[in-house]
Amino acid sequence: MLVIRGEPGVGKTALLDSLAGQTSGCQVVRALGVQSEMELAFAGLHQLCSPMLNRLDRLPVPQREALQTAFGLISAAPAPDRFLVGLAVLSLLSEVAGEQPLMCLVDDQQWLDRASAQALGFVARRLAAEPVGLLFATRDPGDELAGLPELAVEGLWEEDARALLDSVVAGPLDARVRDQIVAETRGNPLALLQLPRGMTPAQLAGGFGLAGARPLSGRIEESFLRQIQALPPEARRLLQLAAADPSGDMSLVWRAAGRLGIPVQAGAPAVEAELAEFTPRVRFRHPLVRSAAYRSASVQDRQEVHRALAEVTDPQLDPDRRAWHRAEAAAGPDEEVADELERSAGRAQGRGGLAAAAAFMERAAMLTPDPVHRTRRLLAAARAKCDAGALDAALGLLVAVEADPLDALQAAEVERLRGQIALDQRRGGDADRLLLSAARRLQPVDAGMARAAHLDALVAAIWADHMGSPGVREAAVAARSAPPGAAPPRALDVVLDAVALRITDGYAAAAPALTRALAVVLAPDVSRGESDRWLWLAGGRIGQFIAMELWDFESWQALAAGQAQFARDTGALMHLTFALNYLARTHILAGELGTATRLVEEDHLMAEAAGHPPIADTAMMLAAWRGREQEASDLIEAVSREAAARAVPALGRRADYASAVLYNGVGRSAAAYDAARRAFERESMGYGSHVVPELAEAAARTGDLKYLEIVQEWLSERARVTPTEWVLGIEARARALLSDGESAERCYRESIDRLGRTRVRAQLARAHLLYGQWLRRQRRRGEAREQLRTAHEMLDAMGISAFAEQASRELLATGETARKRTVEAAVELTAQEAQVARLARDGLSNPQIAARLFISARTVQYHLGKVFTKLDITSRSQLAQALPPDPDVVPAR
């Protein structure tokens, strides 16, 4: 794949044309970005894929349906995730290329609609073994193509530029003027060819170095404009008509021309001037010719050509383009056209084209004569802009909304949307204030929306500060005083009540409500009208925080695994990256650091495919538990800087937790105590179960027994109210650290016994370590060796190296040397080869692996071929023996 980058007229299209003419033995498909189609979701992608749609039946069903929905080939289907569309395109190109190598050429990529650009950027990053070439020509690659190989195309060398200029200038040209033209055009071939056209000898003699000169592209377009203005009126009119319809459908243009009274022979002068071709499709010599032709029409002329195009566009086959032409033809507000645009917005949203939906709805609002309907449509456009990630544009529409009188519901909706945008922009302080105000304003007019806004406000407040802060408490008190929800209550209502009660009345009072909320989240009732956004929020974030708050490890991991699987099944790559990180954190506490590492690596692969940075805080926690001091310290510092820069205390607390784990492991107890105490005193929902074990150990080692008593009382409350084996095991360990003699021993044994019934095996291993250290201090060396040996074997097998080293030193002090694991020389597989190999070993087929890792089945086979060569095997059945041992297989006690 390659991105050809350069200014207009420098020769990018010529390079693509040259390549297309030299690809013997290859299929060639092309797409052209068209500025006026930028708001039509997947328009560019449809151009590229339309010759291949007869192979759709070869794709897996979810991918086939996603592509059919995106292209409007089927209706009544949920909006496809953009990354599932990208995966479908990747699979389609791979299938076609299996018959004959395929070359895909995309010109004027900067004018592709965003959905197409994102999908093609996804594909470009995932091409590996496929005989597919994907070339983009663009002025500015943009974020969608970030990181792809680029070829910068620049102007001609001076000698060649002079020769080209001389070839188009009639008569002699002063050498100094010629040099000035060459210098100012920077050797741009199109500029050298076009700028002198239509210029008098006197104008050429003066050169082009005029004060206030426009940028080069503007001057090139002016040159085309002069040529268009020199055409006969009918030829000019035909060019204007063709420029107004970017589909290139010549039959459509001729039908519209007939309505305008333009004869067939009108195109001849434009063809002779080499401005455009009219068979078999309309093709302008350069996109700037199209732009100049459209600009050459008056406002009234543009309305007339769009009206003619709307009249000949089939309302059944192409309703959206017809609606857009009708909108451009409208001389003023028109409710009928606005209504048609609103229907187009609904279709665009159904295809996953949020940007297109926003554009249609915004245009509909501008054409709406009734202020009430206009406000409603502007609000809908603002919501669509927000969902599409165009937050600044959404804020701009809200300004337009507020220009009209608003009723109470609309005013509250505006404020809520402002708050949601602030939360998305990580402006927590602004978000909770705006959302709380919106919730209060919604209460008298829509109780259901008010409660949703109260939950938004509560989440924003917790994100912005710790649970004991005045702002969080105010949000919780307001939520509890809100009118009751619907009967029967929605999952949203149950969760809101539970979380608010936790903040206002404390853990003991809220535990039953939290338990009910967790049950609702674990089995959401979609028949209650819960939105996908809410179900994701509940299951993916709040539900997991509630599970951690209740010390329910199994529910936490089940929610995390379920969300990851849901994201994989639906191709929701952005959701998947968060889900993988939450799931990885459960495996860290389970002592399955190998699995956690693979999940983080998978997230990195997903982030690379999506073109966004991976999440750093899970990798930070993983490095801390592994005891990699330099790596962990660097990540902790980076996350702490991000937390301060964005004013996000939640990130700071995670950095403190990672610091506490790291410093407890390497023996810096005072630093561990400071970090853990900071996190504990600014408690975040669900993170007490992580932080408190670190704080208890650090407080004991630094001799702060008074604070250890505070921690133990905190644990005892939870152990009484929600007596899971996890909290009971940690609470017993804290009691052991506070006790002496038989009482301490009894507590250590209880801790090991209870944690042994859980999957929180990292804490179980550390319980063995603490008990062994205590036994050694009691001079009971034989018993200490047994505990320390168990701790070392578990911690070493898990890869929790710093704590394993502690166990090793303690064993040495008892007179025994710890035995290191025998590790075979690692086979040098890349991260993706290792992922593919493990999934193949676990029985997944090539298409299943491809869907999971967002690559093509052909790429899976390519990676497996390399794996087989490196491991010196010949079949998938040999993978189990050939792959290195799974580091998460922990020896039994």
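The values are calculated or read from the model by the stated rules, or taken from the named source; none is laboratory data. Keep in mind the model is a prediction, meaning the values are calculated, not measured. FYI the Cβ positions are ideal-geometry reconstructions off the backbone, even for glycines, and counts take in every protein chain you see. Each accessible area value is taken on the protein alone, full model and side chains, heavy atoms only, with ligands, DNA and RNA left out. Shrake-Rupley method; radii C 1.70, N 1.55, O 1.52, S 1.80 Å.
In the stretch 712-728, which residue that is open to solvent by 50 Å² or more (accessible area, probe 1.4 Å) and assigned to a helix (DSSP H, G or I) is nearest to GLN763 (Cα to Cα)? For the stretch 712-728, the residue satisfying everything is GLU725. Only one entry of GLY33, GLY25, GLY72, GLY44 meets the criterion of being within 25 Å of the chain's Cα centre (by Cα) and on the phi > 0 side of the Ramachandran plot, and that entry is GLY72. Quick one: would you say LEU812 is of a type in the set (A, V, I, L, M), touching a Leu at 6+ places or on another chain (Cβ under 9 Å), on the phi < 0 side of the Ramachandran plot and assigned to a helix (DSSP H, G or I)? Criteria not met by LEU812. Across the stretch 266-317, the number of residues qualifying as open to solvent by 90 Å² or more (accessible area, probe 1.4 Å), over 29 Å from LEU190 (Cα atoms) and at pLDDT 90 or above comes to 3. When every residue of the stretch 495-509 is checked against the conditions, none turns out to be within 28 Å of VAL399 (Cα to Cα), part of a helix (DSSP H, G or I) and β-branched (Val, Ile, Thr).
Of all the listed residues (LEU105, LEU90, LEU67), the sole one being part of a strand (DSSP E or B) and in contact with a helix residue (DSSP H, G or I) (Cβ under 6 Å, 6 or more places away or on another chain) is LEU105. In the set (1) of a type in the set (Gly, Ala, Ser); (2) modelled with pLDDT under 90; (3) under 24 Å from TYR507 (Cα atoms), the condition left unmet by GLY419 is number (3). The listed residues are LEU409, LEU367, LEU417, and the only one of them that is open to solvent by 40 Å² or more (accessible area, probe 1.4 Å), hydrophobic (A, V, I, L, M, F, W, C) and either over 32 Å from the mean Cα position of the chain (by Cα) or over 27 Å from GLU304 (Cβ atoms) (or both) turns out to be LEU409. Filtered by the rule that a residue be within 30 Å of LYS866 (Cα to Cα) and outside any loop (DSSP other than H, G, I, E, B), the stretch 129-154 gives VAL132, GLY133, LEU134, LEU135, PHE136, GLU144, LEU145, GLU150, LEU151.
In the set (1) of a type outside the set (Asp, Glu); (2) assigned to a helix (DSSP H, G or I); (3) free of Cβ contacts under 8 Å to residues at least 12 places away in the same chain, the condition left unmet by VAL520 is number (3). In the stretch 585-596 there is no residue that is aliphatic (A, V, I, L, M), modelled with pLDDT under 95 and open to solvent by 10 Å² or more (accessible area, probe 1.4 Å).
If you take the residues in the stretch 683-711 that are open to solvent by 10 Å² or more (accessible area, probe 1.4 Å) and touching a Ser or Thr at 6+ places or on another chain (Cβ under 8 Å), which one is farthest from THR758 (Cα to Cα)? Per the stated criteria, the residue is THR702. Once the stretch 730-760 is narrowed to residues that are over 45 Å from the mean Cα position of the chain (by Cα) and assigned to a loop (DSSP other than H, G, I, E, B), the residue that is surrounded by the most Cβ atoms within 10 Å (Cβ to Cβ) is SER739. Remark: pairs (first residue in the stretch 862-883, closer than 21 Å to PRO847 by Cβ; second residue open to solvent by 30 Å² or more (accessible area, probe 1.4 Å) and of a type in the set (Val, Ile, Thr); Cβ separation under 8 Å; 6+ apart in sequence or on different chains) = PHE868/THR874. The residue that is least open to solvent (accessible area, probe 1.4 Å), counting only those in the stretch 654-681 that are more than 22 Å from LEU795 (Cβ to Cβ) and touching a Lys or Arg at 6+ places or on another chain (Cβ under 6 Å), is ALA679.
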